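The values are calculated or read from the model by the stated rules, or taken from the named source; none is laboratory data. Quantities reported herein were computed from a predicted structural model and do not represent experimental measurements. Glycine gets a Cβ as well: all are built from the backbone with ideal geometry, and neighbour counts include every protein chain shown. Calculation scope for accessible area: heavy atoms of the full protein, side chains included, ligands and nucleic acids excluded. Shrake-Rupley method; radii C 1.70, N 1.55, O 1.52, S 1.80 Å.
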Amino acid sequence: ADNGITGKFVRGSISGNIIRNAGAKAISLSQNSVNTNVTGNEITNCGTVGIAIVGATSNDCKNITVSGNNITKSEGAAAGKEDITITFTNDSTVAHNSSTSFQTKLLISGTCTSLSVIGNHFDMVDADPGSNLDCIKSDGTLTHCVVNSNTLRSSVFKSRQAGLNLNVAEKCVVNGNAFDNFDTGIKIVASGDNNQLTNNVFTNVDNEVS
């Protein structure tokens with residue numbers, strides 16, 4: 001399957017593109033990408049991930065901004081088809097993106113430090129109420145991260161999963177987010193330490209924090 005825009009970017013800018021029906025990833029930054037902005041792109045019905053930042057253990061990505069992008073998909077929910085993925089990426093920002101699909105909106109993997117997730121509008125839309133997909137999910141380790149002023153909702157069916165699954169998180173701040181129509185608002189494992197959850201608003205959420 002064909003990707004859209006891919007490669008290692010250093011002091012790069014991927015901006016203002018319209019990418020439709022890419023067979024696999026629409027935009028993908030590979031290991032060691034640094035100081036790059038992915039902004040203002042319109043992505044429709046890509047085959048797998050909309051925007052992927054793909055660092056590795058010893059080859060992380062740094063100072064990446066993913067901002068103001070709009071991602072729309074019509075396919076059914078499935079792992080491996082997330083809207084945005086961030087892997088082993090540090091000192092970076094995911095801000096003011098909008099996404100309407102059945103998928104996990106943002107998947108954070110590996111070890112990520114100083115990641116800011118701010119002001120995004122993510123809607124699970126017609127999410128299968130039996131699916132196992134969180135809206136924002138970490139399956140790695142987050143340190144010194146900020147999740148602030150995001151709107152996370154499941155607009156048709158109530159999601160049986162979480163709006164925000166932090167998994168293992170330390171010294172992270174979750175502030176001023178709106179959660180609507182989830183089984184769980186914020187999920188965090190007991191081994192997480194020194195996290196602050198403040199001023200979040202929960203509507204039609206069964207378990208605010210678990």
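Using a 7 Å offset from the Cα along the Cα-to-Cβ direction at both Thr57 and Asn195, what is the distance between the two label points in nm, to one decimal?
Here the answer is 2.4 nm between the modelled labels.
When only alpha-carbon atoms count, how far does segment 62-184 stretch along each of its three principal axes, as whole angstroms with the largest first?
That works out to 34, 25, 25 Å along the principal axes.
Measure up Lys8/Lys187; Lys158/Lys187; Lys81/Lys171; Lys8/Lys81; Lys8/Lys158; Lys62/Lys158 against 27 Å on the Cα-Cα distance and list the ones that go over.
The pairs that break the limit, which is 27 Å between Cα atoms, are Lys8/Lys187; Lys81/Lys171; Lys8/Lys158; Lys62/Lys158.
Please give the contour-minus-distance gain from Ile18 to Asn204: 0.36 nm per residue of separation, less the Cα-Cα distance, rounded to one decimal in nm.
63.4 nm
Over segment 81-210, with the other protein chains present, what is the accessible area per residue in square angstrom, probe 1.4 angstrom?
Heavy-atom SASA per residue in segment 81-210 reads 38 Å².
How large is Rg over Rh for the chain, taking Rg from the Cα atoms and Rh as the Kirkwood inverse mean of 1/r across Cα pairs?
Taking Rg over the Kirkwood Rh, I get 0.94.
Rounded to a whole number, what % of the accessible area of segment 79-210 do carbon and sulfur atoms account for, probe 1.4 Å?
Reported share for carbon and sulfur atoms: 46 percent.
What's the center-to-center distance, using Cα atoms, between segment 112-178 and segment 1-44 in Å?
22
Which whole number of Å³ per residue matches the convex hull of the alpha-carbon atoms in segment 7-70?
Considering the Cα atoms of segment 7-70, their hull volume per residue is 67 Å³.
With +1 on each Lys and Arg Cβ and -1 on each Asp and Glu Cβ, and nothing else charged, work out how big the dipole of the chain is about its Cα centre, in Debye to the nearest 20.
440
Give the carbon-plus-sulfur fraction of the accessible surface of segment 9-54 in %, rounded to a whole number; probe 1.4 Å, heavy atoms of protein chains only.
Carbon-and-sulfur percentage of accessible area, whole number: 42.
In a Gaussian network model over the chain where Cα atoms closer than 10 Å are linked, find which of Asn199, Asn37, Asn132 has the largest mean-square fluctuation.
Asn199
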